[in-house]
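Novice: Here it is, the structure in full.
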Amino acid sequence: MTPQRRAIVSEVMRTPGHISPAAVARKVQGDMPGVNASTVYRTLTLLEEVGVLSHSHLETGAEYHRAEEAEHVHLTCGRCGRDDSLSLAEARRLQSLIRAHHGFEADLTHFAITGLCADCAVAVGVGSRV
């Protein structure tokens, strides 16, 4: 393993929660200015292929997190950007509904469900406080 990859892996493993490829690159380049973005992307892809990382598509782009933290669905507010999560246990009904109506096995951990958080829904007059 090259020193660049070792630095990337170290940064990913010490960062709690989600991290974007751009954030990894910025942090690693602070210590190792010669690391380029393509090395970061290739390393993140490799870590995902071996089962260490998982990624989701959020409003801001792809974000990575440790595979053991992947058991949730992202709920992203399109107005204020707040990101919340829904456990897979809570999302099973949605998975079942998709399966029943379309015969499709949805991987809900791979993307974000966008909409309005409770505060923004109230602010624009389409919701009530939960």
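The values are calculated or read from the model by the stated rules, or taken from the named source; none is laboratory data. Please read all numbers here as calculations on a predicted model, not as lab measurements. Glycine also receives a Cβ, built like all others from the backbone with ideal geometry; neighbour counts cover every protein chain displayed. SASA here: full protein model, heavy atoms, side chains in, ligands and nucleic acids out. Shrake-Rupley method; radii C 1.70, N 1.55, O 1.52, S 1.80 Å.
Novice: In region 1-68, if every C-alpha pair distance is counted and binned at 5 Å from zero, what percent goes to each bin?
Specialist: Pairs per bin, as whole percents: 3, 19, 33, 27, 14, 4, 0.
Novice: Specify the angular offset, from 0 to 90 degrees and rounded to the nearest 10, of the alpha carbon long axis of helix 21-31 from the longest principal axis of the alpha carbons in the chain.
Specialist: Tilt of helix 21-31: around 30 degrees.
Novice: Would you mind counting up the charge near Glu90? Only other residues with Cβ under 14 Å from its Cβ, with Lys and Arg at +1 and Asp and Glu at -1.
Specialist: Numbers: positive: Arg92, Arg93; negative: Glu71, Asp84.
Around Glu90, the charge tally is 0.
Novice: To continue, here is another question. For n ≥ 4 DSSP H runs only, could you compute -39500 (n - 2.57) per run for the chain, divide by its residues and tell me the 222 nm figure to the nearest 500?
Specialist: On the way: 5 runs with 57 residues, N = 130.
Result for the chain: -13500 deg cm²/dmol, rounded to the nearest 500.
Novice: Roughly how tilted is helix 88-102, in degrees to the nearest 10 and between 0 and 90, from the longest Cα axis of the chain?
Specialist: 70
Novice: What is the helix-to-structure angle for 37-49, meaning the angle in degrees between its Cα long axis and the longest Cα principal axis of the chain, kept from 0 to 90 and rounded to the nearest 10?
Specialist: 60
Novice: When the convex hull of the Cα atoms of region 73-130 is projected onto a plane and the area is averaged over all directions, what value comes out in nm²?
Specialist: Values: hull surface 17.9 nm².
Value for region 73-130: 4.5 nm².
Novice: So, one more: So who's got an amide H within less than 5 Å of the one on Ala112, skipping anything under 5 residues away but keeping other chains? H placed 1.01 Å off N, in plane.
Specialist: His57
Novice: Which residue, Ile19, Ile98, Ile113, has the most motion in a Gaussian network model of the chain that connects Cα atoms within less than 10 Å?
Specialist: Answer for the Gaussian network model of the chain: Ile98.
Novice: Might you tell me the accessible area per residue for region 1-42, computed with a 1.4 Å probe and given in Å²?
Specialist: Details: 2460 Å² over 42 residues.
Using a 1.4 Å probe on heavy atoms only, each residue of region 1-42 averages 59 Å².
Novice: Express the carbon and sulfur contribution to the solvent-accessible surface of the chain as a percent, rounded to the nearest whole number, probe 1.4 angstrom. Display every interim value, and only then the final one.
Specialist: Working: 4290 of 7890 Å².
Answer for the chain: carbon and sulfur cover 54 percent of the accessible area.
Novice: Next up: Which translational diffusion coefficient, to the nearest whole µm²/s, is obtained for region 31-93 from the Stokes-Einstein equation, given a Kirkwood hydrodynamic radius over C-alpha pairs, 25 °C and 0.890 mPa s? Mind showing how you got there, number by number?
Specialist: Values: Rh = 13.5 Å.
In µm²/s, the coefficient rounds to 181.
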